[in-house]
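Heads up, the thing below is written out as structure tokens.
The values are calculated or read from the model by the stated rules, or taken from the named source; none is laboratory data. Predicted model only: the values in this text are computed from it and were never measured. Positions of Cβ are generated from backbone atoms using ideal geometry, with glycine treated the same way; all protein chains shown enter the neighbour counts.
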Amino acid sequence: MVKLLLFECRKHFLKKSIVTVILLFSVLNVVKIYSVYDQTSLLSKSTGSDWNDLYWEMYEEFGGTITKEKIDKLMSIYGPLDKQTADKTASTAIDNPNTYTGNVYNDTYFFRWNFVNPMEYAYMYRSYANDVVTAAKENLTFFESLGNQYEYKKNAAIADRYIGRVISDFSYTEMYENYIHYDFSAFLVILICMYVLINVFVSEKETEMDVLLLTTKAGGTKTVIAKIMTSAIFVCIVCFWFWLIDFAAFSTIFGSLEATSSPLYVIENFANSSIGISLGEYVVLSDLLKTAGILVLSLVFLLISTLFKNALFPFIISLFTTFGFIYMQELYMGSGHILLKILNPFALVVNRELFRKTEFVSLFGYPVISYVPAFLFAAAWGTLCILSIVILIRKNTVNRKG
Amino acid sequence: MKVTFKDISKQYKGKYALENFNSELENGIYGLLGANGAGKTTLINIFVGILKSDKGQVLINDVDVRSLGIEFLSHIGYLQQYPQFYKNFKVMDFLRYMCVLKDIPKEQGEKRAKELLEIVNLSDASTKKIGALSGGMRQRVGIAQAMLNDPDILILDEPTAGLDPQERIRFRNLITKFSENRIVLLATHIVSDIEYIANQVILLKDGQLLKQDSPQALARGIEGKVWNVTATENTIEEKLKHLKISNMMRNQDGIHLRVINDEKPDAHAVNIQPNLEDVFLYYSGDGERW
């Protein structure tokens, strides 16, 4: 089997054209990440300010464990600035020597956006989490009195997940914030997989090798399994390559790995997250789930390709299928149709939508956090695709010869 | 080795591609001859297990091949019509891959592949990419891969299609070389491919077995039915309309027609020795007129 896998790799994946596409897309990905930094980071030069050096200087003072002293010191700087700019009558001079940035308004925004707001969110999160726990516990009593076991269990799970949540450190989260909302590399990986995998079965038909394969001992199901396995290995390698580029490029361009050990809910969009792991752990989990999602999509591409004799039609159909998955994802992303959302294997690719909220699905009357059934559904889709491929390949060859 | 086809039938959409086909093959070259659509490829696909017959059995030494399971495949070597193989593979690497598919141990496969490349005169091309080979060379790679597992039965489906005359002759000689102690089943609609090398010819028409015999016996079977008729410009049209003609040649004497007819077509017709092409036309060319 190992030899068969190696030959399959050589046959379909070790090609100059594929390596070239991967390298070109990698460069494109880095350029895109730079443009994300350039357009969204408060510390980038093109946002019109030059806050980078000042930020890290202040971060030395205010970063780390949030203490009363730090808050007092920050407010002693920000309070007067806020007052001065409240009625918009402060000086607009840009060379004011009594300011940090040369301008009072600029100073205000600098501290508000970079320190005050994020620190306030971090500081207040404990109380927010406590409120959620209190509400969930009240619901427990209520639903118990109604005899509604499902809602009771759901609220018990919420209380259990939110209890003790606290953000004790103030850290620079801009890099992670952008990193976990970045989907372009996943789109590139899907395109690469589509381009490469469509040919895995089609090329056998184009070269008439499918018939010859069936007349050899290992050319039937064994070869189909080898093709699926090598395709999966290829997808994993391409995914991990791009996830590595993503992480390396984001941390280099944003110039920081701060907040790696901070909890996921340090990102405001994840305040209601169902999991309490660190950002560093979430990156690994997210990358694994993205890879799983792309694996399932790749199996769909392989399945589509088994139905055709040349690469053009399956490529077009796969492209439209992908757009269909993306459309469905967009359609149900923020809606209450949780089941329709998690049925879509693309939900694993943009998995932040599964983790940023605490949503439950009833599984045999038991509330299960939505990412579990989403993963199970994706696994079911994948298994269904594999079975269909194994059955269809032989059938198609036989029908074609017939 | 003995192969028996017993009442093999296969239908597509209610039409027989093969109907009650019975035949017995022993070591030697068998030419499976028939027009396009006669059922040659269907028979081969049933034989190699790609297609399932609706009815009947294929037996090897009186054992049903279905009971042999996947082991049956170690008895056969197969070369399909118009093989392209993998253009980015080198010849030797392709043979190595085929060894893996045929479950041949590495050392044994390596040795056998080198021997076969020597026999098919491709040793110098072993490091060339398949995409860079000519059609004839690719076909020789094809027969080498079919022979890798030293099969008892070699099945070749129209192997000379698209080859130039020189390559065709070279390929015929290779088939003869490989036919020792094995059954070679060669499907073709090109009569010259098998006329001089086949021990027996199986004539198929519309899925039915018309005849199975040696080429000489088949030719003897239509002795007295092939004629040389000389026509003029004035009479040619009439003759073309009414006679079954296997060849036509114009020279100074007039137009010489090779006519297949049960009776003497005209008073001046001269009886001539039939060849396999005449046999093919006699049996499978019903109603074919110019």
Report task. Read through the list (1) polar (S, T, N, Q); (2) within 13 Å of another protein chain (Cβ to nearest Cβ); (3) buried (at least 20 other Cβ atoms within 10 Å of the Cβ), then give the number of the only condition that A:SER185 fails. Result -> (2)
Report task. Looking only at the stretch B:58-72, count how many residues are at pLDDT below 85 and in contact with a helix residue (DSSP H, G or I) (Cβ under 7 Å, 6 or more places away or on another chain). Result -> 2
Query raised in the report: Within the stretch B:46-98, which residues are small (Gly, Ala, Ser), more than 7 Å from every other protein chain (Cβ to nearest Cβ) and at negative phi?
Result: B:SER53, B:SER67, B:GLY77
Query raised in the report: Considering A:SER35, A:SER17, which residue is surrounded by 12 or more Cβ atoms within 10 Å (Cβ to Cβ), out of contact with any His (no Cβ under 7 Å at 6 or more places or on another chain), among the polar types (S, T, N, Q) and not assigned by TED's automatic domain parsing to the domain that holds A:TYR109?
Result: A:SER35
Requested in this report: Take A:THR89 and decide whether it is exposed (fewer than 11 other Cβ atoms within 10 Å of the Cβ) and away from chain B (no Cβ under 14 Å).
Outcome: yes
Report task. Give the stretch B:1-45 a look and list any residue that's closer than 22 Å to B:ILE190 by Cα and among the aliphatic types (A, V, I, L, M), or say none. Result -> B:ALA17, B:LEU18, B:LEU25, B:ILE29, B:LEU32, B:LEU33, B:ALA35, B:ALA38, B:LEU43, B:ILE44
Report task. Scan the stretch B:60-72 residue by residue and report those that are assigned to a strand (DSSP E or B) and surrounded by fewer than 16 Cβ atoms within 10 Å (Cβ to Cβ). Result -> B:VAL63, B:ASP64
Query raised in the report: Given A:TYR176, A:TYR195, which one is in a helix (DSSP H, G or I), more than 14 Å from chain B (Cβ to nearest Cβ), touching a residue at least 60 places away in the same chain (Cβ under 8 Å) and surrounded by 22 or more Cβ atoms within 10 Å (Cβ to Cβ)?
Result: A:TYR176
Query - Index of the failed condition, A:THR321 passing every other in (1) over 19 Å from A:ALA232 (Cβ atoms); (2) polar (S, T, N, Q); (3) without any contact (Cβ under 8 Å) to a residue 40 or more places away in the chain - result: (1)
Report summary line: Scanning the stretch B:226-258 residue by residue, the ones that are under 18 Å from B:VAL191 (Cβ atoms) and crowded, with 18+ Cβ neighbours inside 10 Å total 5
Query - Selection within the stretch A:212-239 - within 13 Å of chain B (Cβ to nearest Cβ), touching a residue at least 12 places away in the same chain (Cβ under 8 Å), of a type in the set (A, V, I, L, M, F, W, C) and part of a helix (DSSP H, G or I) - result: A:LEU214, A:VAL224, A:ALA226
**Report entry** Residue in the stretch B:143-153 that is modelled with pLDDT under 90, in the same structural domain as B:ASN22 (by TED's automatic domain parsing), among the acidic types (Asp, Glu) and surrounded by fewer than 21 Cβ atoms within 10 Å (Cβ to Cβ) present
**Finding:** yes
Query raised in the report: Could you say whether any residue in the stretch B:73-80 is part of a loop (DSSP other than H, G, I, E, B), surrounded by fewer than 15 Cβ atoms within 10 Å (Cβ to Cβ) and touching a helix residue (DSSP H, G or I) at 6+ places or on another chain (Cβ under 9 Å)?
Result: no
Query raised in the report: Is at least one residue of the stretch A:65-81 of a type in the set (Ser, Thr, Tyr), over 20 Å from A:MET175 (Cβ atoms), at pLDDT below 85 and not in a loop (DSSP other than H, G, I, E, B)?
Result: yes
Requested in this report: May I ask you to say which residue of B:PHE85, B:PHE47 is of a type in the set (Phe, Trp, Tyr), within 23 Å of B:TYR12 (Cα to Cα) and either buried (at least 20 other Cβ atoms within 10 Å of the Cβ) or modelled with pLDDT of 85 or more (or both)?
Outcome: B:PHE47
